[in-house]
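The values are calculated or read from the model by the stated rules, or taken from the named source; none is laboratory data. Fair warning: this is a prediction, and the values are worked out from it, not measured in the lab. We place every Cβ from the backbone using ideal geometry, glycine too, and count neighbours over all the protein chains shown. For accessibility, only protein heavy atoms count, side chains too; no ligands or nucleic acids. Shrake-Rupley method; radii C 1.70, N 1.55, O 1.52, S 1.80 Å.
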Amino acid sequence: MADGDKATVDRTSDTDKVAIDHKSDDAIPNTEPRHGSLNSKLTPPPLVAAMTQEYRFGAEIRLRRKIDTRLLPMIILMYIMNYLDRNNIAAVRLAGLQDELNLSSTQYQTVISILFVGYILMQIPSNLFLNKTGRPAVYLPACMIVWGMISGATGACQNFGGLVACRFFLGFVEAAYFPGCLFYLSSWYTRKELGFRTAVLYSGSLVSGAFGGLVTAGITSNMDYAKGLRAWRWVFIIEGVITVVIAFIAFLVLPNFPRTTSWLSEEERQLAAFRLQEDVGEDDWTSPASQSFFHGFKLALLDIKTWILMIMLLAIVSSASVTNFFPTVVKTLGYGNVETLLLTAPPYVLAVITTYLNAWHADRTGERFFHISLPLIVGVAAFILCAATRSVAPRYVAMMLMVPGVYTGYVVALAWISNSLPRPASKRAAALAFINAVSNASSIYASYMYPQPKGKAQPDLTVPLSVDCATAALAVVMAALMRIVLARLNKKLERGEHVEGAINAVPGVGQEHGFRFLV
């Protein structure tokens with residue numbers, strides 16, 4: 001049904017007379033699944049109860065479009081800058097950073113890895129704080145301003161110590177953004193809407209990877225020694241200024257949570273909150289007073305699904321560590337610096353396309369395992385091919401496939417966290433931050449696997465590519481284990497047995513159409 005559908009949308013003025021005309025159920029297009037016995041007892045708020053089913057269908061379409069328009073473009077743009085400010089260190093190595101600051105290979109690897117120390121330390125406290133305050137439209141742009149200033153200041157570094165300090169604090173502040181956005185999205189969208197929106201968010205990093213090299217190539221070609229500064233300094237300064245400007249715009253555009261977004265009408269706020277409540281049978285974020293800093297974290301740690309997902313995401317991110325050094329990997333093809341930076345773009349462009357298509361299909365079918373494991377199997381083959389050959393054509397084909405291989409299923413895996421640990425909100429926030437923090441720990445040791453020789457020497461990438469291949473295979477194994485666990489829990493739900501975290505499970509009551517974990 002289109003947004004402007006002319007079908008009857010009248011609401012009854014007497015909420016006690018009728019909330020939904022059940023006789024017309026068959027004539028109304030199906031939107032979100034309405035779950036089993038417990039969900040039928042949920043009491044809708046007054047303005048939602050007053051809606052006919054037909055009116056509500058159109059109202060949900062309008063609400064989703066309104067939130068999509070205000071939320072998705074801005075968080076993509078913010079994530080492009082988040083990823084660009086974090087990973088431009090790989091591109092600026094080719095723009096003179098390592099030579100001007102006289103960094104050894106080990107020092108350069110330390111500069112890469114130290115960011116993730118700060119990144120890991122801050123993620124859980126940040127997400128718990130975000131959940132407590134309920135003001136992501138204020139908190140996330142404020143963090144963005146700070147990391148933009150730190151990124152710009154990196155261009156003034158004169159030695160190894162200053163560079164390490166800037167990178168540590170950059171990771172510390174940037175840690176708020178990505179796990180915060182994952183929780184942010186799960187506070188607006190139902191489980192079957194979340195996979196594609198997560199892909200839309202993560203496309204920011206892929207677009208950054210695709211065009212970050214192009215931007216650096218342009219600055220390197222045109223601004224080296226401009227005003228007496230090397231090109232790598234201009235990269236940090238320009239990108240830092242752009243980050244701060246975007247952050248100020250975000251203050252004016254982003255919504256908060258459904259209950260704390262002032263530019264939604266009261267009807268829209270009630271509908272936005274109730275549709276999430278209906279999705280799993282329990283209310284989501286209600287107020288700051290209802291959120292505990294540590295109770296949700298405890299619940300997350302006691303759930304075996306958290307640990308399986310953690311190992312799976314750790315393995316995926318470890319295999320994706322190749323992208324932190326992708327310009328160096330592409331450099332082994334033997335081309336010049338500018339040509340190398342240009343060649344980094346096509347694999348990311350392909351990854352954007354495959355990620356969108358895969359996430360869209362995962363949401364449409366409600367399937368998760370194959371949408372995660374099949375791309376990873378392609379990644380395994382790509383790592384093997386890249387390590388086994390020195391020929392330019394097959395090696396670049398492998399590079400084209402390895403980026404889509406690790407990222408195409410990654411965004412579905414991220415959505416699987418919220419799908420499998422939906423409530424309470426504090427548990428979901430803690431689990432997202434914990435899993436993302438631990439998974440990024442792989443970037444600390446991965447930084448030392450990729451040698452960074454000075455001059456024209458070409459590094460031997462056999463060991464790091466072999467490790468990436470093994471961790472991608474491990475991720476497939478953990479995804480299979482997760483599928484088995486969730487399938488068993490679903491069988492319990494079918495028998496009417498209680499399952500922790502599945503709010504709709506009522507002991508002894510069969511629920512043919514109740515809550516089910518997505519597998």
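Taking the options ILE237, ILE249, name whichever one is open to solvent by 40 Å² or more (accessible area, probe 1.4 Å), within 30 Å of ARG62 (Cβ to Cβ) and in a helix (DSSP H, G or I).
Checking each option against the conditions leaves just ILE249.
Conditions (1) of a type outside the set (S, T, N, Q); (2) under 19 Å from the mean Cα position of the chain (by Cα); (3) at pLDDT 95 or above; (4) under 26 Å from ILE76 (Cα atoms), marked per residue:
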| residue | (1), (2), (3), (4) |
| --- | --- |
| ILE316 | yes, yes, yes, yes |
| PHE326 | yes, no, no, yes |
| TYR335 | yes, no, no, no |
| GLU339 | yes, no, no, no |
| ALA345 | yes, no, no, yes |
| ALA359 | yes, yes, no, yes |
| ALA382 | yes, no, yes, no |
| VAL403 | yes, yes, no, yes |
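If you scan the range 185-238, which residues turn out to be closer than 20 Å to ASN102 by Cα, touching a residue at least 40 places away in the same chain (Cβ under 8 Å) and among the aromatic types (Phe, Trp, Tyr)? Write out each step before concluding.
From the range 185-238, those closer than 20 Å to ASN102 by Cα are 220, 224-225, 228-236; that's our starting set.
Those still in the list that are touching a residue at least 40 places away in the same chain (Cβ under 8 Å) too: 220, 224, 229-236.
Across the range 185-238, the qualifying residues are TRP232, TRP234, PHE236.
Yes or no: ALA430 modelled with pLDDT under 95 and either assigned to a helix (DSSP H, G or I) or under 14 Å from VAL329 (Cα atoms) (or both)?
yes
If I filter the range 141-156 down to residues being β-branched (Val, Ile, Thr) and within 27 Å of ASN102 (Cβ to Cβ), which single residue comes out as least open to solvent (accessible area, probe 1.4 Å)?
This residue is THR154.
Please verify whether the range 400-409 includes one or more residues that are surrounded by fewer than 24 Cβ atoms within 10 Å (Cβ to Cβ), in a helix (DSSP H, G or I) and in contact with a Cys (Cβ under 8 Å, 6 or more places away or on another chain).
Let us first name the residues in the range 400-409 that are surrounded by fewer than 24 Cβ atoms within 10 Å (Cβ to Cβ), namely 400-401.
From what's left, in a helix (DSSP H, G or I): 400-401.
Retained after the next criterion (residues that are in contact with a Cys (Cβ under 8 Å, 6 or more places away or on another chain)): none.
No, the conditions are met nowhere in the range 400-409.
Being surrounded by 14 or more Cβ atoms within 10 Å (Cβ to Cβ), part of a loop (DSSP other than H, G, I, E, B) and out of contact with any Lys or Arg (no Cβ under 8 Å at 6 or more places or on another chain) is the filter here, so list the residues in the range 361-397 that pass it.
GLU367
Could you check how many residues of the range 309-351 are over 21 Å from ASN436 (Cα atoms) and assigned to a helix (DSSP H, G or I)?
Final tally of qualifying residues: 19.
Out of the range 346-360, which residues are hydrophobic (A, V, I, L, M, F, W, C) and open to solvent by 10 Å² or more (accessible area, probe 1.4 Å)? It would help to see each step written out before you state the result.
Within the range 346-360, the first condition is being hydrophobic (A, V, I, L, M, F, W, C), and the residues that meet it are 349-353, 357, 359-360.
If the condition is that a residue be hydrophobic (A, V, I, L, M, F, W, C) and open to solvent by 10 Å² or more (accessible area, probe 1.4 Å), then VAL349, LEU350, VAL352, ILE353, LEU357, TRP360 are the ones that fit.
Picking from ILE67, ILE76, ILE89, ILE112, which residue would you name as being within 18 Å of TYR177 (Cα to Cα) and of a type outside the set (S, T, N, Q)?
Testing whether each residue is within 18 Å of TYR177 (Cα to Cα) and of a type outside the set (S, T, N, Q) leaves just ILE76.
Can you confirm whether THR340 is open to solvent by 10 Å² or more (accessible area, probe 1.4 Å) and either closer than 24 Å to ILE417 by Cβ or among the hydroxyl-bearing types (Ser, Thr, Tyr) (or both)?
no
Within the range 31-140, considering only helices (runs of 4 or more DSSP H) that don't extend past its boundaries, which have at least 1 residues that are under 22 Å from ALA175 (Cβ atoms), open to solvent by 10 Å² or more (accessible area, probe 1.4 Å) and out of contact with any Gly (no Cβ under 6 Å at 6 or more places or on another chain)?
On the way: elements: 46-49, 53-93, 97-100, 105-133.
The qualifying helices (runs of 4 or more DSSP H) are 53-93, 105-133.
Matching residues to (1) buried (at least 19 other Cβ atoms within 10 Å of the Cβ); (2) in contact with a strand residue (DSSP E or B) (Cβ under 6 Å, 6 or more places away or on another chain); (3) at pLDDT below 95; (4) farther than 29 Å from ILE114 by Cα:
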residue: GLN158; (1), (2), (3), (4): no, no, yes, no
residue: LEU182; (1), (2), (3), (4): yes, no, yes, no
residue: THR220; (1), (2), (3), (4): yes, no, yes, no
residue: ASP224; (1), (2), (3), (4): no, no, yes, no
residue: ALA273; (1), (2), (3), (4): yes, no, yes, yes
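Any idea how many residues of the range 419-440 are under 23 Å from ARG488 (Cβ atoms), among the polar types (S, T, N, Q) and open to solvent by 10 Å² or more (accessible area, probe 1.4 Å)?
0
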